[in-house]
Amino acid sequence: TACHCLQDKEAKDMLVVAGESDLKPYYTNKSSSWVEVHVIKSSINPKYNFLQNKRYDWDVCLLELNEPLPLNDKSNIEAARLPPPGVIYTGKEISVGGWGKKGLFSRTSQHHLTIDVTIKDDEECINLYRGVAEFCENSMFCAGQTGKTTCHGDSGSGAIYHGWGIPLIVGVVSFGAQTCNDASVFQKIEKSLPWIFEESQLQAPIDEFYGNYMKDLSASVISCEPPLPDANQGVSEHNK
């Protein structure tokens, strides 16, 4: 999920609900498909920065659950795999789901919504956010278009790439235009892989493939400098 979703929140106060796409039957206890799992630990990326104008860098956080989610043919839950390093997804289509608003003046959704959007070229993202927020191509990508993008309440949602026949989580919704009318910014999961494997104590699936990459990526990576004080308004964290 996104780190800014967890600000001022403790693990003991968090609950993960999976397997349900409609909040009404969940809140009225008329659904049998959902699963509730408690959070026992939340881990914030050590490089995470909260910067001016509600812009975030390395906005990736992990939640450890007290028990595994059921991943079988009878559940409505599917796990997305971590992406391999070194793959360029520019121009590729990703799926993003969330409970956010459909537009600036609407309410957050009671139904889980999904859109398919295309990842834009870095230069296009830089130009789109110039004078509004600094886009850091090292750790971010942007995707979406006018009338088809994420909005307030979608933060932390995964960007899922299905192009290889298996779901890969390549990014996490971080921030976007205040008006929800253009491409939103995602944090690249790939750049946080060394920390994810270390923090979760999971082993990279193919040691030889990840080896040098993990070593290189663990080195100091320059974060974006904060935008100028007058670089102004128009950016939102899509507050949960």
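Just so it is clear, none of the values below were taken in a lab; they were calculated from the coordinates. Just so we're clear, the structure is a prediction, and the values are computed from it rather than from any experiment. All Cβ positions, glycine included, derive from the backbone under ideal geometry; neighbour counts span all protein chains shown.
Would you mind checking the pairs Lys9/Lys92; Lys12/Lys102; Lys12/Lys191; Lys92/Lys148 and listing those with alpha carbons more than 24 angstrom apart?
Working: Lys9/Lys92 34 Å; Lys12/Lys102 31 Å; Lys12/Lys191 28 Å; Lys92/Lys148 15 Å.
Table pairs above 24 Å Cα-Cα are Lys9/Lys92; Lys12/Lys102; Lys12/Lys191.
Return the FRET efficiency for the residue pair Asp121, Lys148: r is the Cβ-Cβ distance, R0 is 22 Å, and the value is rounded to the nearest 0.05. The partial results should precede the final answer.
Numbers: r = 17 Å, r/R0 = 0.79.
For Asp121 and Lys148, the calculated efficiency is 0.80.
Calculate one ³J(HN,Hα) per residue across region 159-167 by plugging θ = phi - 60° into the Karplus curve 6.51 cos²θ - 1.76 cosθ + 1.60, and present them in order as whole Hz with x for glycine and proline.
Taking θ as phi minus 60°, the curve returns 9, 9, 9, 10, x, 9, x, 10, x Hz for region 159-167.
With N set to the residue count of region 85-129, report its C-alpha Rg divided by 2.2 N^0.38 Å to two decimal places.
On the way: Rg = 13.9 Å, N = 45, 2.2 N^0.38 = 9.3 Å.
The value comes to 1.48.
Give me the base-10 log of I(q)/I(0) for region 54-180 at each q in 0.13 Å⁻¹, Debye formula, one uniform scatterer per Cα, rounded to two decimals.
Debye output, listed in q order: -0.58.
Mind checking the dipole of region 74-200: about its Cα centre, +1 per Lys or Arg Cβ, -1 per Asp or Glu Cβ, Debye to the nearest 20?
Working: 11 positive and 14 negative charges, 105 e Å.
Rounded to the nearest 20 debye, it is 500 debye.
Just the Cα atoms of region 8-79: what Rg and Dmax do they give in Å?
Computed over the Cα atoms of region 8-79, radius of gyration and Dmax are 15.5, 45 Å.
Report ³J(HN,Hα) in whole Hz for each residue of region 134-146, in order, from the Karplus equation J = 6.51 cos²θ - 1.76 cosθ + 1.60 where θ = phi - 60°; Gly and Pro get x.
Karplus-based 3J(HN,Hα) across region 134-146 equals 6, 8, 9, 5, 5, 10, 10, 9, 10, 8, x, 7, 4 Hz.
Pop out the ³J(HN,Hα) list for region 61-67 in order, Karplus 6.51 cos²θ - 1.76 cosθ + 1.60 with θ = phi - 60°, rounded to Hz; leave Gly and Pro as x.
The phi angles translate into 10, 10, 10, 9, 8, 7, 7 Hz.
What distance in nm lies between label points placed 7 Å from Cα along the C-beta direction at Ile88 and Asp13?
Each label point is offset 7 Å from its Cα along the Cβ direction, giving 4.4 nm.
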